[in-house]
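Encoded as C-alpha cells, the structure appears first; notes follow it.
Just so it is clear, none of the values below were taken in a lab; they were calculated from the coordinates. It should be emphasised that the depicted structure is a prediction, and the values quoted were computed from it without experimental measurement. Glycine gets a Cβ as well: all are built from the backbone with ideal geometry, and neighbour counts include every protein chain shown.
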C-alpha cells in the first residue's frame, strides 16, 4: 500500500488559471499553444484517474532496455542520422550514465573502436566512417569517450590532429565553421571550446576573438541567437553561455537580461521549457534552458552576488520534473518532446539531463535534493566540475565517478593528457 | 527549429524502433534469391555504366555499435559514393549519385560538400542548381545543409534576386523557421536589401502579433537602418508596440520588445510611459505588465531619477515582486524572490538579506555549484 504522495502542482485547484490567455485574439501561435495545453490536460486527467495514490515514476527498466538495444542496433528509421552516429553513442551513453547503469567493458571497447573509425586522418571526428570531420560529432565523440573514461577511450583521441582540425575551422572574426566549407553558428564555438578544454589543447591563440563573437549573439531579448541578429533560442543560448564559461568570459554577458530571458522560458502551465518566446514546450529544453540556471548561478556568485538562493536553481524544479515524468516518457522506454511525439535518443538524453538538474542543487558540500515521486527516480547528479589542476569541464557528463577505481583511471589519464601536452608543438597558427 | 535534434546537425522526427527480430526476418527473405531489378530500379552495383567502380562497404568494424539497418538501396548508393570519394572522381555520374545520396539522407554534409566540389569542377549550370535546391528546401525546410548549400550557390551566382521572395514563401508555411530567418538576414546584410522589410514585418505581425521571429526581425531591420537613437523613431516604435499590447496584453513578445528597445535609454526616462502602462492595468492584469512595472521601477532606482520618489519606487518594486512570486507568476517564484532580495540588498535600509527561510548558509565557498576536487 503506497503512502499518500505530496500533491502535484499540476493537480492544484488554481492550476487552470495558468492556461494561455489569448485576449480574444486568436493567431497561429495561440491556437498551437492551446492545442498543446489541451493535450497536457488530457495527460493529467488520465494520470489522476489511474494513479490515485501512486507517485510519478521514472520508467528505469524500460528506458534501460531501449538504450541498451539502441547502442547496438537501430532501425532504418535512423538512416537520417547516418551522419551523426557519434551523437547516437553520446546520447545513449550519457543517458545510461544518468540512470547509473554500467556499460559492460566489451561494449565500451566496441564503442571506442567505432569512434576510432569515425576519427578523420586530418583530425576531429565525423558522423560515420569515411565522412568528413565536423565539430558536432567531434563534440559527441569526445564526450562519449570521456564517459567511458578508460585508458583505451582516452587513447582514441589524436590530440595533435584535433588541434589542427580546430584551427582549420577557425574564422578570422573569432567564430568557427562547423566543418570545412560549412556553416557558422554559435554551436561550433561551444563544440570547439568543450573538446579543446577536455583534451587540454587550448593554445594562446586558438580562441582569439571567439568570446567577442559569442557576445555579439546576445540580443535585445537577453538570450542568444545562432549568429548575431537572430532570435534568442535556448539551444544556442546554452552553447554560447557554456562556451563563455569555458573561456572564462561569462561575466561579459549581460547576465541580468539573460537571467530574465531564460527564467521566462519556463511554461506556466506545462512546467517544461520552450525554446523561444511564444513557441511550444519541448522536453529537450529541460536541459538547454534549465541547464543555464546552474551556469548563471555560478557566474553571478563569482561576481560577488550575495543574494543568490542557497537551496535552489532559479526555476521551478518540481514543475519541470512533473512535466518530464508525466508528459515526456514513452511507456515502452525512451523520452520525448511532448505528448503525441515519438521517442528518440536525443530527447531521452536531454529529458534525463534536465531531470537531473531539477533534482540536484549545489555540489558535493552543499547539496539540496528535490526528488519528485519515488526515491528511485533519483538520477546521477550532473554537477559542473571545475578542477583547476585537471582542466576538466563537463557540462553534460559527470566527472565524479561513483567507483573510486574509475575516478583514478580518469584522473590518471587526464594527467597523461597534461604530460602529452608538453609534446605538442605550439607552432604559430 | 522545432525539430530539436537539428541542433546536433541531424533531422529526426517520428523515429520508431523496430524489433531486432523483424529486421532479421527481412534480411533472411532477401537473401533467398538475388533480384537485381526491383520495380524498375537497378542497384548501382548492377549498372553497366558503373561496372568499373568497385563499391566500398562501410567499415563499422567487427562488433558494430549504433548499427543502422540500412535499406539495400541506401547501402548500394553509399557504397558507391564511398568509392567515388576514395578515387576523388569528378564526373557527371558522380554528380548524379550525389543527388541520390542526398535524397536518401539530406543531412549528410560530406555528400553536400562533394556536390559543391563537382558543381565547380564540372562547371555545372548554377541556375539549374538553384531550381534543385529550391525544391529540396521546400521538401525539407528544417535541415542545415540545404540552406547552407543555397547560400553557397547564391554567393557563386552573386544573385540574391530570388531570395527574399523564396524565404517569404517558406515563411508562409512556417512563419518561425529559424533557418529561413537566418538566410533572410544573411541576404539582406550581404546585399544591402533593406527596402520594404519593415512593411513585410508588419504584414507578418498583422497575421500573428505573437510571432516572436517577426518582432526580432523588426529589431534587426531598424537596428541596421535608422537605429533607435533618433527620438522620433523610438517614439514611433513605442507607440506601435503599445498599440499591439493593447490588442493582446498577454502577448509576451510585445512586452519584451518594449523592454528591449528602451533598455539603453532607460525605461523610467521615457516620458509618459509609466502613466500609459499603469492606465493599462485597469483593463488587464497580465503578469507581463506587472513585470514591466518592476523593470521600470528598478530603472528609476538605478538611475536615481529625480522624477520619481525613490522610496516609493523601492516599495512598489518589492510589492510587485512579491505579488508576482506569490500570485501572478508563481512558476518564476525563485526568480522574483531573487529580484526582491537584490533590490533590498542594493537599495534597502542596510539590514542583511537572507536568501530564504532555510537554515543560514554554510561558508561561502561551498555555495558554488562547482568545486575543486581533493587530490586523487
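Descriptive notes on the structure:
- Folded to 0 to 90 degrees: helix A:28-50 orientation relative to chain A principal axis, Cα: 70
- Principal axis dimensions, chain A - Cα atoms, whole angstrom, descending: 66, 48, 46
- Debye log10 I(q)/I(0) for segment A:284-361, one point scatterer per Cα, at q = 0.15 Å⁻¹: -0.53
- Partner chain coverage, peptide B:326-337 - average Cβ within 10 angstrom: 6
- Neighbouring Cβ atoms from other chains, within 10 Å of the Cβ of residues in B:252-258, number 3 on average.
- Compared with the dominant Cα axis of chain A, that is its longest principal axis, helix A:404-421 is turned about 40°.
- Angle of helix A:186-198 to the longest C-alpha principal axis of chain A, folded into 0 to 90 degrees and rounded to 10: 60°.
- When the alpha-carbon atoms of segment A:120-172 are used, the pair Rg, Dmax equals 11.0, 37 angstrom.
- Distance from the alpha carbon centroid of segment B:298-328 to that of segment A:81-147 works out to 51 angstrom.
- Burial ranking of peptide ranges B:317-327, B:99-109, B:119-129 (average Cβ count within 10 Å, highest at the top): B:99-109, B:317-327, B:119-129
- Remark: the residue A:254-residue A:318 segment gains 20.3 nm on full extension, using 0.36 nm per residue and subtracting the alpha carbon distance.
- Pairs of Cα atoms in segment A:1-106 fall into 5 Å distance bins, from 0 up to the last occupied one, in shares of 2, 9, 13, 12, 10, 12, 15, 13, 9, 3, 1, 0, 0 percent.
- Taking 0.36 nm per residue of separation and subtracting the current Cα-Cα distance, fully stretching the chain between residue B:312 and residue B:125 would add 60.3 nm.
- Shown is the FRET efficiency for residue B:135 and residue B:88, computed with R0 = 35 Å from the Cβ-Cβ distance and rounded to the nearest 0.05: 0.80.
- Span from the segment A:152-201 Cα centroid across to the segment A:311-341 one, whole angstrom: 32
- The label point for residue B:72 and the one for residue A:57, both projected 7 Å from the Cα toward the Cβ, are 4.5 nm apart.
- Peptide A:251-263 shows a mean partner chain C-beta count of 2 within 10 Å per residue C-beta.
- Principal axis extents of the Cα atoms in segment B:55-179, from largest to smallest and rounded to whole angstrom, are 50, 33, 18.
- R0 of 25 Å, Cβ-Cβ distance residue B:269-residue B:243: FRET efficiency to nearest 0.05: 0.75
- Highest-first arrangement of B:196-204, B:240-248, where packing means the average Cβ count within 10 Å: B:240-248, B:196-204
- Rg to Rh quotient for segment A:123-208, alpha carbon positions, Kirkwood Rh: 0.94
- Relative pair counts by distance (%), Cα atoms of segment B:187-249, 10 Å bins: 20, 53, 24, 2
- Distance histogram in 10 Å bins (all Cα pairs of segment A:152-270, percent per bin): 14, 44, 28, 12, 3
- Inter-label distance, residue B:155 to residue B:326: 5.8 nm, where each label sits 7 Å from its Cα along the C-beta direction.
- Relative protection proxy for B:293-304, A:334-345, from highest mean packing down: A:334-345, B:293-304 (other beta-carbon atoms within 10 angstrom).
- FRET efficiency for residue A:11 and residue B:284, using Cβ-Cβ distance with R0 set to 30 Å, rounded to 0.05: 0.60
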